[in-house]
Structure formats: C-alpha cells, structure tokens
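Q: To start, I am sharing the structure in question, which I have written as structure tokens.
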Amino acid sequence: MSKLTDQELHNLAMNIVGKDLEDQGYEFLGVNSEFKKDPQFVALKNKKLHFVIVRAIEYPHDPKEIPYIFLESVKQHALKFDAKTYYAGVGLANSRDYELPVSTTDDYVVNYAGLQEI
C-alpha cells in the first residue's frame with residue numbers, strides 16, 4: 001500500500017472542487033494546483049470574480065472547519081479585486097478502513113459539502 005502524498009491528496013481535492021465549479025457554470029481564469037499556494041481557483045461567474053481555496057482534509061478532521069487564520073490574507077487580497085472568497089474543504093478517507101491513510105491501492109470516500117463563503 002502506497003500512501004498518497006500531501007500533493008497527491010491536494011490534486012485529488014482540486015479535481016473534486018474543479019468538477020463542482022465547472023458543473024455550477026464557473027469560468028476558470030486561473031488554476032494553481034501547487035500545494036498550499038492560495039487561491040487554487042480564480043473563477044468568474046455572473047461577471048463576478050471568485051477566489052476559491054481548496055484543502056484536502058484527511059479523516060478524522062472536519063472538512064467543514066474553516067482555518068480562518070490562514071485565509072485572512074487571501075480574503076484581503078480578494079477584496080482588492082472586489083472578489084468573493086470561498087473555502088472548499090474536501091474530506092478524504094480510505095474506504096476500506098477510515099483509520100488507514102488514503103492510498104493508491106484502495107478506494108476512497110469523499111466528504112465535500114461544497115463552497116463555504118469566507
């Protein structure tokens with residue numbers, strides 16, 4: 001069993017959120033998949049700019065818990081562009097056993113409640 005790296009978990013979360021944004025009609029202006037380089041998505045919807053911060057959150061941590069302290073600088077940056085800022089926490093767990101890390105050999109479970117405005 002090969003445990004996914006932080007960057008691989010991040011990429012997985014990015015794909016999940018990216019698909020969700022696409023399904024909701026967002027137009028991507030910029031995508032940054034570098035781990036912890038914020039924001040990950042800069043997108044346009046209804047002529048309004050949106051910054052989206054994506055985090056892969058491994059079980060047992062709560063993906064809906066917003067780490068405001070880390071996001072404040074992104075929020076301030078977004079305000080300069082009259083943009084809305086969103087947090088997208090994607091919970092990931094090994095489907096065989098939640099106590100095991102997410103790996104390349106097992107399926108995974110996703111806990112994603114959508115975008116949360118900051």
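Q: Quick one: how many residues across segment 93-118 are over 11 Å from the mean Cα position of the chain (by Cα) and in a strand (DSSP E or B)?
A: 8
Q: Those residues that are closer than 30 Å to S2 by Cβ and surrounded by 12 or more Cβ atoms within 10 Å (Cβ to Cβ), I need them from segment 66-97; list them, please. Give the steps one after another, and end with the answer.
A: Filtering segment 66-97 down to residues closer than 30 Å to S2 by Cβ leaves 67, 70, 87-97.
P67, F70, Y87, A88, G89, V90, G91, L92, A93, N94, S95, R96, listed by residue number.
Q: State yes or no: is E8 at pLDDT below 95, of a type in the set (D, E, K, R) and under 26 Å from T104 (Cα atoms)? Quick ask: steps written out before the conclusion?
A: Values: at pLDDT below 95: no; of a type in the set (D, E, K, R): yes; under 26 Å from T104 (Cα atoms): yes.
No.
Q: Look through Y86, Y68 and report the one residue that is of a type in the set (S, T, Y), within 15 Å of the chain's Cα centre (by Cα) and modelled with pLDDT under 95. Steps first, answer last, please.
A: Working: Y86 fails: modelled with pLDDT under 95.
Just one listed residue meets the conditions, Y68.
Q: Then there's this: When both residues are 6+ apart or on different chains and their Cβ atoms are under 8 Å apart, which pairs have a first residue that lies in segment 64-92 and is closer than 20 Å to L21 by Cα and basic (K, R), and a second that is surrounded by 13 or more Cβ atoms within 10 Å (Cβ to Cβ) and at pLDDT below 95?
A: Every condition considered, the pairs that remain are K75/I118; K84/A78.
Residues are listed down the side, and each one gets a yes or a no for (1) in contact with a Lys or Arg (Cβ under 8 Å, 6 or more places away or on another chain); (2) at pLDDT 95 or above:
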residue: V17; (1), (2): no, yes
residue: L21; (1), (2): no, yes
residue: Q24; (1), (2): yes, yes
residue: E27; (1), (2): yes, yes
residue: D38; (1), (2): no, no
residue: H50; (1), (2): yes, yes
residue: V54; (1), (2): no, yes
residue: E58; (1), (2): no, yes
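Q: What tally of residues in segment 16-35 results from selecting those that are surrounded by 13 or more Cβ atoms within 10 Å (Cβ to Cβ) and free of Cβ contacts under 8 Å to residues at least 12 places away in the same chain?
A: Selection size over segment 16-35: 1.
Q: Follow-up. Only residues that are in contact with a Leu (Cβ under 8 Å, 6 or more places away or on another chain), exposed (fewer than 15 other Cβ atoms within 10 Å of the Cβ) and within 29 Å of Y26 (Cβ to Cβ): list them for segment 98-110, please.
A: Scanning segment 98-110 gives V109, V110.
The values are calculated or read from the model by the stated rules, or taken from the named source; none is laboratory data. Everything numeric in this text was worked out from a predicted model, so none of it was measured. Note: ideal-geometry Cβ built from the backbone for every residue, glycine included; neighbour counts use all protein chains shown.
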